[in-house]
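Encoded as structure tokens, the structure appears first; notes follow it.
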Amino acid sequence: MDSCLFCRIIAGEIPGDFVLQEDDVVAFRDVNPKAPVHVLVVPRMHVSSVSELARTSPAILAAMADAAQRIADAETGGHFRWIFNTGENAGQTVFHVHGHVLGGGTLGWSPA
């Protein structure tokens, strides 16, 4: 998608601080981090939400989960929060599915 920010980062049209690049999944640092480690895990294919990805390409969602764990293992001792915002009212600002890997210390709010 020509206008999608993440598609343009994946294509190399916009620079990104990549921490992982694989066939189906990439990961790069968030430009506005909310934790000491804040990495976005993104499928190369354009899909707007995590629920759509789970329905249409569950293997890619599994690859994203594996990538998130490997990034956390390398950068946070394996402890992390993985967040998906789905929809504008939930805080999604780029409508290309992405999971936020947050970690690098004791994180604040927890739903539990």
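The values are calculated or read from the model by the stated rules, or taken from the named source; none is laboratory data. Values in this document were obtained by computation on a predicted structure and should not be read as measured data. Cβ placement follows ideal geometry from the backbone for every residue including glycine, while neighbour counts extend to all protein chains displayed.
Summary of values
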read-out	value
Residues that are part of a loop (DSSP other than H, G, I, E, B) and farther than 15 Å from Ser48 by Cα, drawn from region 1-20	Ala11, Gly12, Glu13, Ile14, Pro15, Gly16, Asp17
Tally, over region 71-112, of residues that are β-branched (Val, Ile, Thr), surrounded by fewer than 20 Cβ atoms within 10 Å (Cβ to Cβ) and either in contact (Cβ under 8 Å) with a residue 60 or more places away in the chain or out of contact with any strand residue (DSSP E or B) (no Cβ under 9 Å at 6 or more places or on another chain) (or both)	4
Hits in region 42-57 (condition: free of Cβ contacts under 8 Å to residues at least 40 places away in the same chain and among the β-branched types (Val, Ile, Thr))	Thr56
Residue match in region 1-10 (condition: farther than 19 Å from Glu88 by Cβ and modelled with pLDDT under 95)	yes
Which listed residue, of Gly12, Gly16, is loosely packed, with under 14 Cβ neighbours inside 10 Å and more than 15 Å from Ile60 (Cα to Cα)	Gly12
Val39, sole failed condition from (1) closer than 19 Å to His79 by Cα; (2) touching a residue at least 24 places away in the same chain (Cβ under 8 Å); (3) surrounded by fewer than 19 Cβ atoms within 10 Å (Cβ to Cβ)	(3)
Residues that are small (Gly, Ala, Ser), outside any helix (DSSP H, G or I) and under 22 Å from Gln21 (Cβ atoms), drawn from region 49-99	Ser57, Gly78, Gly99
Matching residues in region 45-56 - criterion: being out of contact with any Ser or Thr (no Cβ under 9 Å at 6 or more places or on another chain) and buried (at least 17 other Cβ atoms within 10 Å of the Cβ)	Leu53
Tabulated pairs, region 6-35, first over 21 Å from Arg70 (Cα atoms), second at pLDDT below 95 and surrounded by 11 or more Cβ atoms within 10 Å (Cβ to Cβ), C-beta under 6 angstrom, 6+ apart or interchain	Cys7/Met1
